[in-house]
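Data first, discussion second: the structure below is written as structure tokens.
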Amino acid sequence: MAVIALTSASGSPGVTTTALGLTLLWARPVLLVEADPTGGSGVLAGFFRGAREYDSGLIELALSSYDITDALPGVVQPIQGTTAGFIAGTRSHAQSAGLRDLWQPLAGALADLDATGQDVIVDAGRLGLVGAPEPLLANADVSLLVTRTTLPALAAARSWSETVRKAAAWRDGCVLLVGEGQPYSRREVASVLGLPVVGAVADDRDAAAVYHRGAAPPRRFETGPLARSLRASSEAIQARIASERTELAEAIR
């Protein structure tokens, strides 16, 4: 259906945790791309607790002599028990500069997966870092600025939201909240950032630990606040993309 990219302005609002959570609860086949230039795979080191070795990832894709579209399936690793797969990120932040020429052709290859019935979720890490995957954010069907609702978090997010709006840098820029009402509401956040808030993820640290460090699932994990909010957010994201595509199709007629 689409490519969805997640990024943040500062701090640790939970981009990787949210991206992985959405991936594992996504209703369709989906591919998670770990494009965070910070280095290291949050899936391998966190969710799999280092028990699964690095096999291949973005670096191997960048170095491949094949066309990106042809090489892409060879670097995808399955997540057992799901219809999801992932492409591991760089092993070190020092490798991120070597991916600059990969991002644009990769954006095209990921968009082409739409025809195969597969969606893509991109963990783009934090904005402003060397080697940031800007073409993935620019070409995604929707790019989500993930932020908490504290004043420091919103101050940082506001700076980037202004840049995104003025430069029209993203096809469709939206906000995804973590911990709505702590203390500000989605309406207040949308007013301050000037971007629509497409959803909110519960600030449930025990449940989030399952995704970011492979912790044992707490009681009622699959029906708890985090899982419910991730499912609701995924539905809202897909609904927005479908609406945008309908409007575009009608405008072309």
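The values are calculated or read from the model by the stated rules, or taken from the named source; none is laboratory data. Because the structure is a prediction, the values reported are computed rather than measured. Just the protein is used for accessible areas: all its heavy atoms, side chains included, with ligands, DNA and RNA removed. Shrake-Rupley method; radii C 1.70, N 1.55, O 1.52, S 1.80 Å.
Scalar couplings 3J(HN,Hα) for the range 189-196, obtained by applying the Karplus form with A = 6.51, B = -1.76, C = 1.60 to θ = phi - 60°, are 5, 4, 5, 6, 8, x, 10, x Hz; x denotes Gly and Pro.
Under the Kirkwood approximation for Rh and a Cα-based Rg, what ratio Rg/Rh is obtained for the chain?
Details: Rg = 17.2 Å, Rh = 18.2 Å.
A ratio of 0.94.
Across the chain, C-alpha contacts under 8 Å between residues 6 or more apart give a mean separation that, scaled by the residue count, equals a relative contact order of 26 percent.
Determine the per residue accessible area of the chain with all protein chains present and a 1.4 angstrom probe, expressed in square angstrom.
Details: 11930 Å² over 253 residues.
It amounts to 47 Å² per residue over the chain.
The phi torsions of the range 243-249, fed into the Karplus equation with coefficients 6.51, -1.76 and 1.60 and a -60° offset, translate into couplings of 5, 5, 5, 5, 4, 5, 4 Hz, rounded to whole numbers, with Gly and Pro shown as x.
Between Ala140 and Arg171, the built amide H atoms are under 5 Å apart, and every one of these is 5 or more places off in sequence or on another chain.
Of all the accessible heavy-atom surface of the chain, with the other protein chains kept in place and a 1.4 Å probe, what percent is carbon and sulfur?
Values: 6100 of 11930 Å².
Exposed carbon and sulfur together represent 51 percent of the surface.
Shown in residue order for the range 95-102 are the 3J(HN,Hα) couplings computed by the Karplus curve 6.51 cos²θ - 1.76 cosθ + 1.60 at θ = phi - 60°: 7, 4, 4, x, 9, 4, 7, 8 Hz (x for Gly and Pro).
For Trp170, Trp103, the ranking by accessible surface with the largest value first comes to Trp170, Trp103, using a 1.4 Å probe.
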